[in-house]
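The values are calculated or read from the model by the stated rules, or taken from the named source; none is laboratory data. Please read all numbers here as calculations on a predicted model, not as lab measurements. Cβ: placed from backbone, ideal geometry, glycine included. Neighbour counts: every protein chain shown.
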Amino acid sequence: MYNELFVSQNGESLFLEILSEYVQLTSRGFVKVLKMRETTRDLLKLPPFPFMVGFSGEIMKGEINLAEILSKMGGVYDVLFGRTEDSHFKHIDFIRYFKETACNKNSALNFLNTHLLSNTFCNGYHITISDLFAYAHIVLLLQSISDEEKLSYCNIVRWVDHIQNLKGIKERVRELKLRVMLPFEPLFLEPNVEPVKASKAESKKVKAEDKKPQDKPVEKAQEVKPIVIEAVKEVKENKEVKQNKPEAKADAQPKKQEQKQPSNKNAKKEDDCHPISKLDIRVGKVISIHVNEKSEKLFNEEIDLGNGEIRKIASGLKGRVDIEDLRDSYVIVLANLKPRTLCEWTSHGMILCASDENGNIEPIRPPAGSKPGDAITIGEYPRQPVPELNPKKSPWEQVSSEVFVNADKYATYQGTSIWRTESGIVGTKVLTGGKIS
């Protein structure tokens, strides 16, 4: 059995249709989207579109009410509406104001373009219900204007292009033929001006000036010329030496090159992978912890990383985090660091914590229902962890400046890619706006 969402050709219906796809309710069989004509609805005396018929036959209506129901059904209510009443009301106020503005095409475009001038998203640091609502209404307006007009709403075009390429939305956008094509930037060409013919006296004067020696360029040329000649001689000598070498050695050289090629290809594939994808971040459970007597900063832990793997880790949290807050608790572990010995304790990994500007520190935690070994995925980045991070060119060092906990206490990368397990979102309980390290 599934819920039946009845929609029509309007912005409110498109909003709930996109929401259902984005939170994967239709793909998982929880909701079936059905389109109905106005005449059929009037004949059956059904409520205005959109409305939803539940398992037991009850009729649910109201776009905001339905959006809350669908978000809770998909387990992403806190992500889309926020965890607090204040954030919830902010979204409701934005949606109501935008709905009133959307009655006029130019007013809606001008309001949203100005709003996005200083904001990446409509309401917060990531995609929320406000973005999905505004997108469903604005995309129809963008399709009705020319490329020249789109250039005057560049903030909206940038924002729309991001949303229409999100997983779940891009498939539906393609089916409904709603994709907004980006306008080409105009080319400013030089006007065609016919060259003015110079007199014979002027052309002779120009040729004479061209023949005059130029001090600085000539000095550089004189310095470079002998170097170039020597380099050419060296290349010729190397060619002659190679030609005079025995055939056996010449045959041996290609074999060595063939042996090196596979490792180069593997290295190239690894380099093509985004640094955030190379990280092996997992859920761990602290099964034992004690103070390192030879250090003023270290706790020594044994952490269960699933599948029977018990990992030893040393954390510099002594005096900053209560040891009892870590004992028998679930934590987030960066697991593919190179092992190293810290005060006679072999540490193979790192417990990830958030810290703010005031020096407060808190371990980031997995959602309820997580178990040791659960993999952490980050936004839409594919998870392709390498066996061991290269300490000289560490992917963690490349991304560490952009991983932090946002105002909603969610662990994020670049403010938009949320960390999550299959059970939900990774984050903190108290601390907000802290850097993860």
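Scan region 73-101 for residues that are in contact (Cβ under 8 Å) with a residue 40 or more places away in the chain and touching a Gly at 6+ places or on another chain (Cβ under 7 Å) and jot them down.
GLY75
Mind listing just one residue for me: the one in region 326-384 that is of a type in the set (Gly, Ala, Ser) and in contact with a Pro (Cβ under 9 Å, 6 or more places away or on another chain) and, of those, farthest from SER417 (Cα to Cα)?
For region 326-384, the residue satisfying everything is SER347.
Consider region 278-311. How many of its residues are in a loop (DSSP other than H, G, I, E, B), hydroxyl-bearing (Ser, Thr, Tyr) and touching a strand residue (DSSP E or B) at 6+ places or on another chain (Cβ under 6 Å)?
So the count comes out to 0.
Report yes if ILE351 is crowded, with 17+ Cβ neighbours inside 10 Å and closer than 14 Å to GLY427 by Cβ, otherwise no.
No: the conditions fail for ILE351.
Filter region 290-333 for residues that are among the hydroxyl-bearing types (Ser, Thr, Tyr) and farther than 23 Å from LEU279 by Cα and give the result.
SER295
Take LEU16 and decide whether it is crowded, with 16+ Cβ neighbours inside 10 Å and either of a type outside the set (S, T, N, Q) or in contact with a strand residue (DSSP E or B) (Cβ under 9 Å, 6 or more places away or on another chain) (or both). Working first, answer last.
Working: crowded, with 16+ Cβ neighbours inside 10 Å: yes; either of a type outside the set (S, T, N, Q) or in contact with a strand residue (DSSP E or B) (Cβ under 9 Å, 6 or more places away or on another chain) (or both): yes.
Yes.
Looking at region 69-100 only, could you name the residues that are in contact with a helix residue (DSSP H, G or I) (Cβ under 7 Å, 6 or more places away or on another chain) and either crowded, with 18+ Cβ neighbours inside 10 Å or not assigned by TED's automatic domain parsing to the domain that holds PHE133 (or both)?
If the condition is that a residue be in contact with a helix residue (DSSP H, G or I) (Cβ under 7 Å, 6 or more places away or on another chain) and either crowded, with 18+ Cβ neighbours inside 10 Å or not assigned by TED's automatic domain parsing to the domain that holds PHE133 (or both), then LEU70, SER71, TYR77, LEU80, PHE81, GLY82, HIS91, PHE94, ILE95, PHE98 are the ones that fit.
Just name the residue that is surrounded by the fewest Cβ atoms within 10 Å (Cβ to Cβ) out of those in region 297-323 that are touching a residue at least 60 places away in the same chain (Cβ under 8 Å) and charged (D, E, K, R).
Taking the candidates together, the pick is GLU309.
Test each condition in (1) under 28 Å from THR412 (Cα atoms); (2) of a type in the set (A, V, I, L, M); (3) surrounded by fewer than 19 Cβ atoms within 10 Å (Cβ to Cβ) for MET60 and report the one that comes out false.
Exception for MET60: condition (1).
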